[in-house]
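Since the structure comes first, as structure tokens, the remarks are kept for the end.
Just so it is clear, none of the values below were taken in a lab; they were calculated from the coordinates. This one's a predicted model, so the numbers in the text were calculated from it and none came from an experiment.
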Amino acid sequence: MPSRLHATALPHSGVATPRTGPALSDIALFVLAASGVFIVRRALRKRFLKRPPKD
């Protein structure tokens, strides 16, 4: 029984383009990671300031 699904995408040409700088997704990932670290540090700092010191 033949399959009715056909590949519609063209295959890769095999030629790589030269990298001229970071891609937009690289920059977005960096900004997301940096903001996540900032938010977590701020939350932890706030959490530990509320606690009374242990004797």
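Extension gain for residue 41-residue 25 works out to 3.3 nm (0.36 nm per residue, less the C-alpha to C-alpha distance).
Computed from phi, the 3J(HN,Hα) profile of the stretch 25-35 under the Karplus parametrisation 6.51, -1.76, 1.60 (θ = phi - 60°) reads 5, 5, 5, 5, 5, 5, 5, 5, 5, 5, 5 Hz, with x in place of Gly and Pro.
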